[in-house]
Amino acid sequence: MNQTTLYHLSHIDLDGYGCQYLSSIQFTQAHFYNANYGPEVRARLEEIVAQIERDRYLDDTLSALILITDLNLSTKEGHYIEKEAGRLGADLQLLDHHATGAGAAERFDWYLLDTSRSATQITYDWLQETYYFDSKKQYQQIVAGINAVDIWLEKAPLFEYGKVMLGMISGAKEINRVMFPAQDRAFKFSLIEAGRARIDAVDAPILLDDELHQIKKSFFRESADNTKDNLVAFYVTRLLTQQKQRLEIHYRDYKGILGYNVGNTSIIGNTFLLENPDMDFYMDVNYRGNFSLRSNNKLDVSLMAAKIGNGGGHPNASGGKIKDYKDSFVYAKVRKFVQNYIHQMSMEH
C-alpha cells in the first residue's frame, strides 16, 4: 500500500466509479470526489484544494496526489489546478479518454489522454506501471468488462456483462450523492465488487442481473430483513439522524431538517420524526424547488407550506414550491438558500 494521501476526482458513471474502486484498493489514505461536467468540476477541484490545505495544516509532511479520471478539463480548469497543486506541493495526474480534452492534453504534461481505452483501463494500467498494482490479476476481468462496455466493444467476451454493470451503476440512485457522497460511493463500490465476484460464473450476465435485487438489499440490511424500499428508508433515516446537526433548518420557532432529493418522504420523513422527537418538521426539496413537508403533531405544515411556497395539504403532510429556487450540487449551498428563503417568507405578513 502507498503512504501518499490520494485526492481522487472522477466522473459519475460506471467508468468513473471503476477508476475510484481501483484506487481505493491501492491507497490506504484517500479522499474521493465525483462530478458531472460543467461548473461541478471546478467546485470539486476547489473542495480538493481546501481539503489538502486542512490536511497540510495538521501534517506539514503530507505527501499528496491529486488524481483526476474520466473527466476532461478545460484549459482554464487545468491552469487552476496546476497552479494550486504547485502551491500546495501536490503531485498531479489526469487519466482520461475523451477526445474533447485534446486541447488541454497538449498544454499539460500531467494530462494523459488515450481515446483507445476506457478511463478504468487507463487507471488500471497506470496503477500497475506506477505501483505494481494487482500482481495476482484479481481485478483484470472486472476492468476488461468495464472497458468493453464503456468504449462499446460489442465483440468483446465481457461486453454483455459490462452492459449489466452499466445499468447497475446508473440505476443505483437509492442514496443521494449530493447529501451523502461517501455513502453513495461506498454503495457503488460494493456493487462493482459484487460484479467482480460473479464475473467468472456460468451465464454471468444473467446471474448478476438476477441477483442484483438481493445484492442491493444486502448493502442496506443491518439486522432483520424487509422490503428493499423499507431497508433503504431505514438506512437513509439513520444517516439523517446521524447528521441532523449539519442538516438543521428553522421555521420561526420550529426546528427541522432539510433533505435534498431524498424522496420517499412519507416513510423517511415520518420515521425520522418518530426517532427524533426533538425535531418539529422534516422538509425535502428537489432540484426544481418542489418541496414536501412532514410533521408529527408539533407544527401544522399545511400553514407552513402556504406561507413559504403557495402550497398546502394536511397538518402533518404538505407540500409546495419555492419561488425562484436556485439549485446547487453542493448541499451546504442548497441549505443556505432554503433557510434564507424560509426566513424571508416567514417574516412577511
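Miscellaneous remarks
- Principal-axis tilt of helix 159-170 within the chain, Cα atoms, nearest 10 degrees: 30 degrees
- Amide H contacts for Gly259 (H built 1.01 Å from N in the peptide plane; partners 5 or more residues away or on another chain; cut-off under 5 Å): Met283, Asp284, Val285.
- FRET efficiency, Val330 to Glu154 (Cβ-Cβ, R0 41 Å, nearest 0.05): 0.60
- Unit charges on C-beta of K, R, D, E only; dipole of the stretch 231-342, Debye: 320 debye
- Candidates per trypsin sites (Lys or Arg not before Pro) in the stretch 136-166, loop by DSSP, up to 12 other Cβ within 10 Å: Lys136, Lys137, Lys155
- Label corresponding to Rg and Dmax of the Cα atoms in Å when calculated from the structure given, among (i) 20.9, 64; (ii) 20.9, 77; (iii) 22.4, 70: (iii)
- Exposed-site-free run, longest, the chain (rule: GluC sites (Glu not before Pro); DSSP loop; at most 12 other C-beta within 10 Å): 1-153
- Accessible surface of His343, taken over heavy atoms with a 1.4 Å probe and every protein chain present, rounds to 110 Å².
- His98 accessible area, 1.4 Å probe, all protein chains in place, Å² to nearest 10: 50 Å²
- For the stretch 222-284, the relative contact order comes to 34 percent (Cα pairs under 8 Å, sequence separation of at least 6).
- Helical contribution to [θ] at 222 nm, DSSP H n ≥ 4, -39,500 (n - 2.57), averaged over the chain, rounded to 500: -16500 deg cm²/dmol
- Gain on full stretching of the segment that runs from Asn310 to Thr61 - 0.36 nm per residue minus C-alpha separation: 84.1 nm
- Note on the stretch 1-143: the C-alpha convex hull projects to 8.0 nm² when averaged across all orientations.
- Principal-axis tilt of helix 265-275 within the chain, Cα atoms, nearest 10 degrees: 70 degrees
- Rolling a 1.4 Å probe across the protein heavy atoms gives the chain an accessible surface of 47 Å² per residue.
- In this simple spin-label model, placing a label point 7 Å from the Cα along the Cα-to-Cβ direction at both Arg198 and Asn226 gives a separation of 2.4 nm.
- Angle in degrees between helix 140-150 and the longest Cα principal axis of the chain, rounded to the nearest 10: 70 degrees
- Surface calculation, 1.4 Å probe, protein heavy atoms: Asp13 sits at approximately 50 Å² accessible.
- Residue among Leu153, Ala105, Ile322 farthest towards the positive dipole end of the chain, charges placed on Cβ: Ile322
- Straight-distance crosslink candidates among lysines, where the alpha carbon sits under 29 Å from Lys255 and sequence neighbours closer than 8 are dropped: Lys173, Lys244, Lys298, Lys307, Lys321, Lys323, Lys326, Lys333, Lys336
- Length gained on full extension, Glu275 to Gln339: 20.7 nm, using 0.36 nm per residue less the C-alpha separation.
- Ordering Tyr124, Gln93, Ser74 by Cα displacement along the dipole of the stretch 51-133 toward the positive end leaves Ser74 in first place; charges were set at the Cβ atoms of Lys, Arg (+1) and Asp, Glu (-1).
- Accessible surface of the chain, 1.4 Å probe, proportion on carbon and sulfur as whole %: 49 percent
- Shown are Asp300, Asp55, whose ranking by accessible area with a 1.4 Å probe and every protein chain present, most to least, is Asp300, Asp55.
The values are calculated or read from the model by the stated rules, or taken from the named source; none is laboratory data. Since this is a predicted model, take the numbers as computed values, not measurements. As a convention, Cβ positions derive from the backbone with ideal geometry for all residues, glycine included, and neighbour counts pool all protein chains shown. Side chains included, ligands, DNA and RNA excluded: accessible areas come from the protein's heavy atoms. Shrake-Rupley method; radii C 1.70, N 1.55, O 1.52, S 1.80 Å.
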